[in-house]
Each structure stands twice: as structure tokens, then as C-alpha cells.
Amino acid sequence: MIITQSKPFEEIKKDLTNFKKLIIIGCSDCSSICQTGGSEQVKEMAEKLKTEEGKEIIATLMCQNPCDARIVKRDIKFIEEELGQADAILSMACGLGAQDLAKITEKTVVPANNTRFMGQTERLGVYIELCCGCDDCVLFENDGKCPVAVPKICNECGRVLAWDAKFCDQCKSDNLKTGEVQKIEA
């Protein structure tokens with residue numbers, strides 16, 4: 001699953017400064033599970049932008065999988081008329097979904113989320129990084145654990161290093177230990 005985290009509202013507000021008429025598109029898959037782009041979050045964002053910022057929300061749409069171009073092309077048909085009126089789209093999906101929306105709609109797309117990593121849902125609101133999509137999967141060789149997602153830490157100075165570091169580039173020590181997987185709580 002793609003783990004996303006909502007951008008601060010102040011950042012979203014700043015990014016939307018030059019746009020009055022908006023369409024907000026959420027994700028019914030990963031961002032919905034992360035509670036960063038599900039139907040409730042889309043409704044809340046629409047209300048907040050309308051009441052606090054005076055934005056005109058032309059339409060909202062929950063796309064099944066914004067990261068799948070075929071699905072976007074199918075779902076976008078529900079708001080084709082409104083799309084022509086919009087100044088921009090606020091994407092409450094991951095970076096993949098935002099890019100699909102921009103490519104398919106040819107509209108300016110403002111992302112409302114930061115894409116963090118591919119991970120596992122431990123429980124609602126707690127996500128663990130398990131994969132960084134390095135394109136060279138070595139799970140089999142590493143007892144089913146992704147070494148790329150787990151950093152090395154220098155025992156001498158505490159610096160966090162890349163997973164494949166042989167020595168610390170700061171203090172030059174080769175006394176390294178394997179760190180912990182990243183865990184975020186939203």
C-alpha cells in the first residue's frame with residue numbers, strides 16, 4: 001500500500017492561491033485507508049476551502065484508483081463538464097495519482113498529500129515502511145526484510161546512513177548497526 005500523509009493546510013492554501021474554481025479528487029484505495037483522501041477527508045477539505053478561503057468547489061470525485069490511468073479515464077467522465085470550468089484540481093491521492101490526473105486531464109494538479117513510502121498498516125493511523133521500490137528486490141536474500149527500507153546507524157556518532165553504508169561519512173567509523181524501519185502515526 002502507498003502510505004500518504006496530509007500536507008499542512010497552510011501549504012495547500014498557499015499552493016492554491018492563484019486558483020478560485022477547484023475540483024477535489026480523492027482516492028478510494030490507499031489514501032482512503034490512510035485517512036488522507038477518503039470521502040470524509042474530501043468533504044472536510046471542500047468545506048474548509050469554501051468557508052475559510054472562499055474557493056468555489058465545482059465538483060468532488062472519489063476515484064477508485066487514481067494511480068491507474070484506465071480507472072482515471074473511466075471515473076473522470078463523471079465530471080467532464082465541470083472539468084472544463086475548473087482552474088485546478090486538488091488531488092488527495094498519492095504522487096502517482098496526482099501525476100495521472102495531470103496527464104489525463106491536462107489541468108494543473110495541486111497535491112494535498114505527501115507520498116511517504118510503500119508500507120503496511122499496523123492499525124488505523126500507524127504505518128510501517130517495508131519497501132522503497134528500489135527496483136532490485138533482495139527480500140529472498142535478506143530473510144524477507146527489505147534492507148533498503150532499514151537504515152544503518154553509526155554507533156559512534158549516531159548518524160543515520162544509507163542501508164548499504166560500510167562506514168560513517170561523518171566520523172569515519174565502521175562501527176555500524178542496523179536501524180529500525182520507519183513508522184509513522186497519523
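The values are calculated or read from the model by the stated rules, or taken from the named source; none is laboratory data. Since this is a predicted model, take the numbers as computed values, not measurements. For neighbour counting, all protein chains shown are included, and Cβ atoms are generated from backbone atoms with ideal geometry for every residue, glycine included.
Within segment 45-65, is even one residue in contact (Cβ under 8 Å) with a residue 60 or more places away in the chain and either in contact with a helix residue (DSSP H, G or I) (Cβ under 7 Å, 6 or more places away or on another chain) or of a type in the set (S, T, Y) (or both)?
We begin by selecting, within segment 45-65, every residue in contact (Cβ under 8 Å) with a residue 60 or more places away in the chain; these are 45.
In the following step, the residues that additionally are either in contact with a helix residue (DSSP H, G or I) (Cβ under 7 Å, 6 or more places away or on another chain) or of a type in the set (S, T, Y) (or both) were identified as none.
No, that holds for no residue.
Since T51 meets every condition but one in (1) within 21 Å of F9 (Cβ to Cβ); (2) buried (at least 19 other Cβ atoms within 10 Å of the Cβ); (3) among the β-branched types (V, I, T), which condition does it not meet?
Of the numbered conditions (1) within 21 Å of F9 (Cβ to Cβ); (2) buried (at least 19 other Cβ atoms within 10 Å of the Cβ); (3) among the β-branched types (V, I, T), the odd one out for T51 is (2).
Which condition from (1) without any contact (Cβ under 8 Å) to a residue 24 or more places away in the chain; (2) over 30 Å from G37 (Cα atoms); (3) surrounded by 11 or more Cβ atoms within 10 Å (Cβ to Cβ) is the one that C131 breaks?
Here C131 clears every test but (2).
Within segment 163-178, which residues are modelled with pLDDT of 80 or more and within 30 Å of the chain's Cα centre (by Cα)? Steps first, answer last, please.
Within segment 163-178, the subset modelled with pLDDT of 80 or more is 165-178.
Hits for segment 163-178 are A165, K177, T178.
Of the conditions (1) more than 30 Å from E10 (Cα to Cα); (2) touching a residue at least 60 places away in the same chain (Cβ under 8 Å), L161 satisfies every one except a single condition; which number is it?
Only one criterion in (1) more than 30 Å from E10 (Cα to Cα); (2) touching a residue at least 60 places away in the same chain (Cβ under 8 Å) is unmet by L161, namely (2).
Which residue is nearest to E122 (Cα to Cα), if the candidates are limited to segment 148-157 and must be assigned to a loop (DSSP other than H, G, I, E, B) and modelled with pLDDT of 90 or more? Full working, then the answer.
Going through segment 148-157, the residues assigned to a loop (DSSP other than H, G, I, E, B) turn out to be 148-151, 155-157.
Those left that are additionally modelled with pLDDT of 90 or more: 155-157.
On the way: N155: 29, E156: 32, C157: 31 Å.
Top of the filtered list is N155.
Kindly indicate which of P111, P151, P147 is assigned by TED's automatic domain parsing to the domain that holds E40 and in contact (Cβ under 8 Å) with a residue 12 or more places away in the chain.
On the way: P151 fails: assigned by TED's automatic domain parsing to the domain that holds E40; P147 fails: assigned by TED's automatic domain parsing to the domain that holds E40.
The match here is P111.
For segment 1-46: of the residues being over 18 Å from E122 (Cβ atoms) and of a type in the set (S, T, N, Q), which is farthest from the chain's Cα centre (by Cα)?
Residue satisfying both the conditions and the ranking: N18.
Hey, could you check segment 83-117 for residues that are among the acidic types (D, E) and crowded, with 16+ Cβ neighbours inside 10 Å and say which is farthest from T4 (Cα to Cα)? So that I can check it myself, show each step before the final result.
Taking segment 83-117 first, the residues among the acidic types (D, E) are 87, 100, 106.
Next, only the ones that are crowded, with 16+ Cβ neighbours inside 10 Å stay: 87, 100.
Numbers: D87: 25, D100: 16 Å.
So the residue we want is D87.
Do we find that D100 is out of contact with any strand residue (DSSP E or B) (no Cβ under 6 Å at 6 or more places or on another chain) and in contact (Cβ under 8 Å) with a residue 24 or more places away in the chain in this structure?
Working: out of contact with any strand residue (DSSP E or B) (no Cβ under 6 Å at 6 or more places or on another chain): yes; in contact (Cβ under 8 Å) with a residue 24 or more places away in the chain: yes.
So D100 passes the test.
Among V126, V181, which is the only one that is modelled with pLDDT of 80 or more and closer than 24 Å to G95 by Cβ?
Numbers: V181 fails: modelled with pLDDT of 80 or more.
Result of the check over V126, V181: V126.
Examine segment 141-157 for a residue that is closer than 30 Å to Q41 by Cβ, surrounded by 11 or more Cβ atoms within 10 Å (Cβ to Cβ) and not aliphatic (A, V, I, L, M), and state whether such a residue exists.
yes
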